[in-house]
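FYI, it's all coordinate maths here, none of it is from the lab. The structure displayed is predicted, hence computed values, not measured ones. Cβ sites come from the backbone with ideal geometry, for glycine too, and all protein chains shown count toward neighbours.
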Amino acid sequence: MTFNSKNKTTKETPHHHSISGIVALRIFLAFASGYFLSYALRAVNAALAPVLAADLHLSAGELGWLSSAYFLAFAAMQIPIGIWLDRYGARRTESALLVVAAIGAALVGLGESLWMNSLGRILIGAGVAPCLMASYYYFRRCFPAAQQPRLVMSMLLVGATGALVATQPALSLANWLGWRTIYILSCALLFLSALSVYFFTTDADRQSPDQKNHQDATSLWALATHPVMVRIVPACVFTIGGFSAMQTLWAGPWLTQTLGFSPEQASIVLLYLNASLMVSYIVMGTASPWLLRIGLSLSKQSLIALAWIPIVFLIMIIWQSPASWVCWLLFAPVIPAMFLLQTQAALAFPGHVAGRILTTANLMIFVGTFAVQWAIGLAVDTFNKLGMTGSAALKSAFICLIALQVFSLLWFVMRDPARASRRKF
């Protein structure tokens with residue numbers, strides 16, 4: 001589609017809509033393998049946090065850095081990945097970088113120091129950075145718009161499955177074979193995923209020379225400062241990024257320090273959380289077309305999610321009881337709608353810039369996840385130095401996050417979406 005001065009869109013010529021059947025399933029599974037591993041390695045430190053801290057003698061700030069190093073590298077790679085997706089396609093971009101991730105997993109598995117493990121986490125983050133966006137890009141280029149929400153929910157379901165495996169199953173495996181074994185095994189699986197993406201997908205998403213010239217002429221700054229993108233920046237950073245920071249690290253310390261759970265009990269709660277997310281993605285994949293038909297747009301669905309998340313965090317802080325662990329399950333119904341912000345952004349722009357739009361939105365999310373995850377660790381250390389207990393310090397850090405999420409909600413509501421159609425690409 002293209003934007004015009006009358007705030008209307010013209011239909012974009014379909015690229016490749018002939019992919020179906022076994023070929024489509026094979027392509028989906030190849031991309032899914034990479035995203036499964038990406039999310040598992042992203043989330044595993046939440047379950048392994050007590051083990052990592054004890055084995056490597058880490059403070060809260062160092063633990064926050066070690067986990068967030070993944071997100072720092074992941075975020076830094078988004079802009080070049082967007083360019084590579086538009087220029088070389090998803091197959092070549094993702095398969096090459098998955099090999100980098102495999103090297104990083106090996107370093108973590110073998111590393112004995114914080115800097116070596118940090119380098120490994122950085123390489124993992126850089127290597128798996130294209131896993132979700134490459135699939136979104138492929139879907140955006142090769143499948144009709146009506147199928148996008150269902151394809152997005154299916155990939156998010158795969159990610160939730162990876163996160164689920166990274167909870168109690170990962171902790172049990174770490175207790176049995178050692179946490180380093182998990183990373184060595186991940187090294188082998190990442191390499192196999194790279195091979196599957198390279199050999200089992202196609203180049204149907206690659207652009208013609210004319211399209212490449214068109215996308216090269218489009219300013220990245222113009223895309224990043226478009227009203228569609230500006231509107232979602234705080235939500236991506238503080239709400240989506242904030243939830244990801246909790247899910248992938250600080251949910252574990254919250255359950256152990258604030259609610260007094262054992263590491264095993266905390267990992268079971270995380271298992272329940274990710275299982276509930278899986279159910280939500282399945283339900284949303286089915287319900288989204290119906291919601292659109294009855295007039296609940298993607299923007300309205302996301303708005304509900306942006307309001308609900310800080311409310312649940314606030315309930316968690318006020319309700320100081322072991323039974324309050326159920327609050328983590330209350331996030332599940334709205335999380336799929338929250339991630340539809342990326343889909344909205346991609347559908348608002350023409351296909352020849354889809355790679356950079358998706359990865360720019362993803363950059364915001366992972367900058368937010370890195371910043372929130374590390375900042376909470378630093379805040380906890382600071383509050384501890386001021387005399388607070390571990391539980392009170394963590395609670396205070398969460399309150400700061402809630403304030404930023406409320407700001408994100410207000411920004412999203414106050415930005416006029418009509419401005420988004422005034423520029424041309």
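At-a-glance table
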| read-out | value |
| --- | --- |
| Residues Val326 and Ile399, FRET efficiency given R0 of 22 Å [Cβ-Cβ distance, rounded to 0.05] | 0.60 |
| Those residues of the stretch 140-165 whose amide nitrogen sits under 20 Å from the label point placed on Leu296, 7 Å along Cα→Cβ | 146-157 |
| Residue (of Gln168, Phe143, Thr239) at the positive-pole extreme of the chain, dipole from beta-carbon charges | Phe143 |
| Correct option for Cα extents along the principal axes in Å [calculated from the coordinates] among [x] 120, 54, 43; [y] 73, 58, 43; [z] 59, 45, 36 | [z] |
| Alpha-carbon centroid distance for the pair the stretch 84-135 / the stretch 155-198, whole angstrom | 14 Å |
| Gap separating the Cα centres of the stretch 266-327 and the stretch 232-260, nearest whole Å | 14 Å |
| Within the chain: Cβ-based charge dipole about Cα centre, in debye rounded to nearest 20 (Lys, Arg +1; Asp, Glu -1) | 1400 debye |
| Full-extension gain in nm, Leu386 to Arg150, via 0.36 nm per residue minus C-alpha separation | 80.1 nm |
| Listed residue (Val367, Leu330, Gly355) projecting farthest to the positive dipole end of the chain, Cβ model | Gly355 |
| Dipole of the chain, positive direction: furthest Cα of Ala393, Leu37, Val413, with charges on the beta-carbon | Val413 |
| Over the stretch 16-421, relative contact order from alpha-carbon pairs under 8 Å, at least 6 apart, % | 28 percent |
| Per-residue [θ]222 nm for the chain (sum of -39500 (n - 2.57) over DSSP H runs n ≥ 4, rounded to 500) | -24500 deg cm²/dmol |
| Extension reserve of the Ala54-Trp176 stretch, reckoned as 0.36 nm per residue once the Cα distance is removed | 42.3 nm |
| Segments 353-366, 52-65 sorted - mean Cβ within 10 Å per residue, highest first | 353-366, 52-65 |
